[in-house]
Amino acid sequence: MSAETPVQSAGTFTRLRLRFRDWRGTRPFWAGLFTLLGGVPIAYFPYTTLKLGHMSLAMATTAGAGSLIIGLLLITLGLTMWFQQATRIFAGVASILLALVSLVVSNMGGFVVGFLLALVGGALALSWVPDKPQAEAGGRWRLPGGPFRNGAQKDTSESAPEGAGTGQWHPPHGAGGSGEADGARIEDHDRGHRVG
């Protein structure tokens, strides 16, 4: 390859995969998936007949309608977690309660498989929290490890001098040739500490 070779654009599969990853990152995806998968065995097993060799085993119970309702509700709650993130707390609590009820109503919660999947999905929905923006009030960006570049901070506040809101880096007080004026103490308003 040479420097003049044009960069090939990402393929369709790569673009779709990246779009799906972005979509998945903004919602409780795994909670919805586990809850949805938990509803399938709960609704399916009471209406199926398993064959073991020459013997057929019917799982139908008198509460087959209850199993179908619980399974469909769990599938609906899983989809709700994906497309209505604001109701994730309600959907998580409802999933846990329906999973507990399925132990009694639906063949031990779909042979415990549906019960466990719905229980984990509800717990994940309750624990999921959307991401918070990285910028703090006042237009300063901070990383968890501390300020940028030995104390330099990106200042985008409106009260900053001209050119400061364009993302220029300002050295910390006391660095460079300016220093402190006549030994005056500078107060760091972000943390309430005095720097001297």
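The values are calculated or read from the model by the stated rules, or taken from the named source; none is laboratory data. From a predicted model like this one, the values you see are computed outputs, not experimental measurements. As a convention, Cβ positions derive from the backbone with ideal geometry for all residues, glycine included, and neighbour counts pool all protein chains shown. Accessible surface is based on the protein model in full, side chains and every heavy atom, while ligands, DNA and RNA are left aside. Shrake-Rupley method; radii C 1.70, N 1.55, O 1.52, S 1.80 Å.
Values computed for the structure shown
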read-out: Filtered residue count, segment 64-86, keeping only those that are assigned to a helix (DSSP H, G or I) and open to solvent by 60 Å² or more (accessible area, probe 1.4 Å); value: 9
read-out: Residues (open to solvent by 100 Å² or more (accessible area, probe 1.4 Å), modelled with pLDDT under 90 and assigned to a helix (DSSP H, G or I)) located in segment 1-50; value: 44, 47
read-out: Filter pass, residue 95 being at pLDDT 95 or above, out of contact with any Cys (no Cβ under 6 Å at 6 or more places or on another chain), crowded, with 17+ Cβ neighbours inside 10 Å and not in a strand (DSSP E or B); value: yes
read-out: Unmet criterion (only one of (1) at pLDDT below 80; (2) under 25 Å from residue 25 (Cβ atoms); (3) in contact with a helix residue (DSSP H, G or I) (Cβ under 6 Å, 6 or more places away or on another chain)) for residue 107; value: (2)
